[in-house]
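Visitor: Can you read through this structure? Questions will come right after.
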Amino acid sequence: MRLQFPFIQLPLRFDAAALAAEVAAIEEAEWRPHPQGFPGNSALPLVAVDGDEDNDGLVGPMRPTPLLARLPYLRQVLASLGVVLGRTRLMRLSGQAEVTAHIDQAYYWAERMRVHVPIVTQPGVRFHCGDAEINMGAGECWIFDTWRLHRVLNQGDDVRIHLVADTVGGEGFWEHMARSRPHHLNPTGWQAQLVAPQPGDAGELQFESVNSPAVMSPWELHSHLSFLFGQLRPQQPAIAEAQQAAMHCMRRWQALWSRHGDAPAGRAGFRRVLDEFVEQMQPLRGHLFLTNDLDFHKVLMVMVVGSALIDESTPVIFGEPRDAPRKAKSSRDTEFDRPVFIVSPPRSGSTFLFETLARAKGVYTIGDESHGLIEGIGVLHPRVRGFASNRLDVDAAGSDVVKELRARFRAALRDRDGTPPTQWPLRLLEKTPKNSLRIPFLAKVFPEAQFIYLHRDVRQVLASMIEAWNSGGFRTYPNLPDWNGLPWSLALTPGWRELNGRPLHAIVAAQWQAVTQALLDDLGAMPRERVHVARYDALTADPAAEIARLCAAVEFAWDRPLEAELPLSRYTVSKPDPEKWRRHEAAIEAVLPGLAETIARSDRFAAR
């Protein structure tokens, strides 16, 4: 939600030590990884769709999860806010981790504020919003402008835990707002009132039940479009064309609404209007920008078009509404046309390859790795399987899991310009190193799945894995039960318990070998036409040639020139160098003999 100031402090303060004691009693296994798998980020759901702690969605009635009932003082804190509660979580950020810079663009955030109550923090936790930067003190209560670019850096070594509640407000909340203060002002006599722990019930909490329309009313559509046009940088030549298209869409939408309202009978008509509006706005991509530097077209697609008509009975498939009479069932996947999964051992350069292929025309991604999408489904999280490993086979792909995971991907997909899909089927690209242990599972979820095996010199991979473990930025299971070494990083491989007490170079060698053997076994069992190979050395030596070869193999459309040297990936720890592995030469040379058979096998597979 756009606010007048970057940060606003509410006149409330809480007993952070009492809150921290409640949180400390929660089992570590209950913490969930970030939905997009951002390193060092984890959460505990307190209010979620239908009270389902495994549902991280934003559409549906928000209800308390079972965990909230175990936190009496935290419920008192929420009650004191005087709000209707939307999605609410405890958000944890590991030491030396960050919440990367972003702007909240989705429909859900257009009219919702995000309330922060720091529970465990330290001065090194810095919250940046626009040009402002603050440290939110323990027990304080803040909201901030989510329409500005914002990020959080935890520069300390200890975790940061915040209570984070999303809300449209409420009667009591607006009374608090009347007595709030902007972060840069300290009015004489201003102080926050202490809400101390009290015995007994916190009182009734209010939860949102309606948060997304089946069909957006013409008045809401007008409100969102007016806001976005009001946020445009002035004097851009394409503004008049965009305004004309928007006005035409709104007038047609109003006419349909006056005839049908949001009744199902009008859905096909609304879909036609929306699809034609999308087509009219397509040429304006990259030609209009907002005052916060976002592409107007991208935000329009996410905030307005993606939510103006969200009834699952009406999205277009092959040009027909879902509720139209069906033709004979096709054997083809009607949603995911030959989705492509990049698989490799961790730190092989898969992000480098993914970020390049994601620039292909008509390719959709979730923008990052799928840790959260997959492990956010409770039965797929390693803790449910006794933390055996990240391995998932076909038995894990039950019908409910398949349905849920495909829905999660559908909701998160965006093309290279940040635009959500409007027609199906589409081409999906995904990469997550853990998925190298899930190939049979993914092939069951996505029947047309294709796989690109990325091959890289094992010495370079092992060196990069050592660097990742030592950096602290790749901790996937920082409190892994029964593990006594450095916090566990990268993929959780079968047999990891046997590595307890081993030196780091032996641990990463075992990780590499376990992942490589599993993916070669699984890829070898796939039809040959669904398996492709990419070579890291070829990708760095001649990017244009290697990308052209891969795009031809998987039938991606490439329409942009490639630089002679590709940019570094987002997860680069230090600049790649073919000889960088020599920093750890003695340790790596010591483990190579034990890997010789697997190395030879991977080399043969790559050579094919």
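Visitor: Given (1) aromatic (F, W, Y); (2) modelled with pLDDT under 95; (3) crowded, with 18+ Cβ neighbours inside 10 Å, identify the lone condition not met by W424.
Guide: (3)
Visitor: Taking only region 64-94 into account, find how many residues are among the charged types (D, E, K, R) and over 27 Å from the mean Cα position of the chain (by Cα). Don't jump to the end; show me each part of the working.
Guide: Of the residues in region 64-94, the ones among the charged types (D, E, K, R) are 70, 75, 87, 89, 92.
Of the ones still in play, those that are also over 27 Å from the mean Cα position of the chain (by Cα) are 70, 75.
Matching residues across region 64-94 total 2.
Visitor: List pairs: first in region 579-608 and within 13 Å of L520 (Cβ to Cβ), second surrounded by fewer than 14 Cβ atoms within 10 Å (Cβ to Cβ) and hydrophobic (A, V, I, L, M, F, W, C), Cβ under 9 Å, 6+ apart or cross-chain?
Guide: Partner pairs satisfying both residue conditions: I599/L592.
Visitor: Filter region 104-135 down to the residues that are free of Cβ contacts under 8 Å to residues at least 40 places away in the same chain and within 20 Å of H184 (Cβ to Cβ), then identify the one that is farthest from the chain's Cα centre (by Cα).
Guide: Here is the first cut: in region 104-135, the residues free of Cβ contacts under 8 Å to residues at least 40 places away in the same chain are 122-126, 128, 133, 135.
From the residues that got through so far, the ones that are within 20 Å of H184 (Cβ to Cβ) too are 123, 125-126, 128, 133, 135.
Values: P123: 27, V125: 22, R126: 22, H128: 20, E133: 24, N135: 25 Å.
Ranking the qualifying residues of region 104-135, first place goes to P123.
Visitor: Turning to a different aspect of this structure: Go through region 380-408 residue by residue and tally those that are among the charged types (D, E, K, R), surrounded by fewer than 16 Cβ atoms within 10 Å (Cβ to Cβ) and closer than 20 Å to L490 by Cβ. Quick ask: steps written out before the conclusion?
Guide: Quick first cut of region 380-408, residues among the charged types (D, E, K, R) only: 383, 385, 391, 393, 395, 400, 403-404, 406, 408.
Subset that is surrounded by fewer than 16 Cβ atoms within 10 Å (Cβ to Cβ): 385, 393, 395, 400, 403, 406.
Adding the requirement that they be closer than 20 Å to L490 by Cβ leaves 385.
Number of matching residues: 1.
Visitor: Same structure again: Just a yes or no: is a residue in region 385-395 part of a helix (DSSP H, G or I), touching a helix residue (DSSP H, G or I) at 6+ places or on another chain (Cβ under 9 Å) and hydrophobic (A, V, I, L, M, F, W, C)?
Guide: As a first pass, look at region 385-395 and keep what is part of a helix (DSSP H, G or I): 385, 394-395.
So of that shortlist, the ones also touching a helix residue (DSSP H, G or I) at 6+ places or on another chain (Cβ under 9 Å) come out as 385, 394-395.
Next, only the ones that are hydrophobic (A, V, I, L, M, F, W, C) stay: 394.
Yes, region 385-395 has at least one match.
Visitor: Just name the residue that is modelled with the highest pLDDT out of those in region 467-507 that are of a type in the set (V, I, T) and within 26 Å of the chain's Cα centre (by Cα).
Guide: Within region 467-507, the subset of a type in the set (V, I, T) is 476, 493, 507.
Next, only the ones that are within 26 Å of the chain's Cα centre (by Cα) stay: 476, 493.
Values: T476: 91, T493: 96.
Within region 467-507, the match that is modelled with the highest pLDDT is T493.
Visitor: Can you tell which of L78, L90, L85 is among the aliphatic types (A, V, I, L, M), surrounded by 22 or more Cβ atoms within 10 Å (Cβ to Cβ), touching a residue at least 60 places away in the same chain (Cβ under 8 Å) and not in a strand (DSSP E or B)? Steps first, answer last, please.
Guide: Working: L90 fails: not in a strand (DSSP E or B); L85 fails: not in a strand (DSSP E or B).
One residue alone meets the criteria, L78.
Visitor: Kindly establish whether R528 is surrounded by 13 or more Cβ atoms within 10 Å (Cβ to Cβ) and modelled with pLDDT of 85 or more.
Guide: Numbers: surrounded by 13 or more Cβ atoms within 10 Å (Cβ to Cβ): no; modelled with pLDDT of 85 or more: yes.
Criteria not met by R528.
Visitor: When you go through R416, R427, R408 one by one, which is the residue that is more than 15 Å from V343 (Cα to Cα), touching a Ser or Thr at 6+ places or on another chain (Cβ under 9 Å) and not in a loop (DSSP other than H, G, I, E, B)?
Guide: Working: R416 fails: not in a loop (DSSP other than H, G, I, E, B); R427 fails: touching a Ser or Thr at 6+ places or on another chain (Cβ under 9 Å).
Only one candidate qualifies: R408.
Visitor: Criterion first (of a type in the set (A, V, I, L, M, F, W, C) and more than 27 Å from A43 (Cβ to Cβ)) does F451 satisfy it? Outline the logic, then answer.
Guide: Working: of a type in the set (A, V, I, L, M, F, W, C): yes; more than 27 Å from A43 (Cβ to Cβ): yes.
Yes: the conditions hold for F451.
Visitor: Here is a follow-up. Quick one: which residue in Q105, Q96 is closer than 30 Å to D295 by Cα, modelled with pLDDT under 95, assigned to a loop (DSSP other than H, G, I, E, B) and polar (S, T, N, Q)? Walk me through it before giving the result.
Guide: Details: Q96 fails: closer than 30 Å to D295 by Cα.
Of Q105, Q96, the one residue that is closer than 30 Å to D295 by Cα, modelled with pLDDT under 95, assigned to a loop (DSSP other than H, G, I, E, B) and polar (S, T, N, Q) is Q105.
Visitor: Provide a single number: the residues in region 476-512 that are in a helix (DSSP H, G or I), surrounded by fewer than 21 Cβ atoms within 10 Å (Cβ to Cβ) and not charged (D, E, K, R).
Guide: Of all residues in region 476-512, those in a helix (DSSP H, G or I) come to 496-499, 504-512.
After this cut, where a residue has to be surrounded by fewer than 21 Cβ atoms within 10 Å (Cβ to Cβ) as well, the list is 497-499, 504-506, 510.
Of the ones still in play, those that are also not charged (D, E, K, R) are 499, 504-506, 510.
Number of matching residues: 5.
Visitor: Yes or no: I439 of a type in the set (V, I, T), assigned by TED's automatic domain parsing to the domain that holds A525 and touching a strand residue (DSSP E or B) at 6+ places or on another chain (Cβ under 9 Å)?
Guide: On the way: of a type in the set (V, I, T): yes; assigned by TED's automatic domain parsing to the domain that holds A525: yes; touching a strand residue (DSSP E or B) at 6+ places or on another chain (Cβ under 9 Å): yes.
Here the answer is yes, as I439 does meet what is asked.
Visitor: Can you go through R114, R160 and tell me which one is of a type in the set (K, R) and over 30 Å from F289 (Cβ atoms)?
Guide: Numbers: R114 fails: over 30 Å from F289 (Cβ atoms).
Checking each option against the conditions leaves just R160.
The values are calculated or read from the model by the stated rules, or taken from the named source; none is laboratory data. A quick note: this is a predicted structure, and the numbers were derived from the prediction, not measured. Virtual Cβ from ideal backbone geometry, glycine too; neighbours counted across all protein chains shown.
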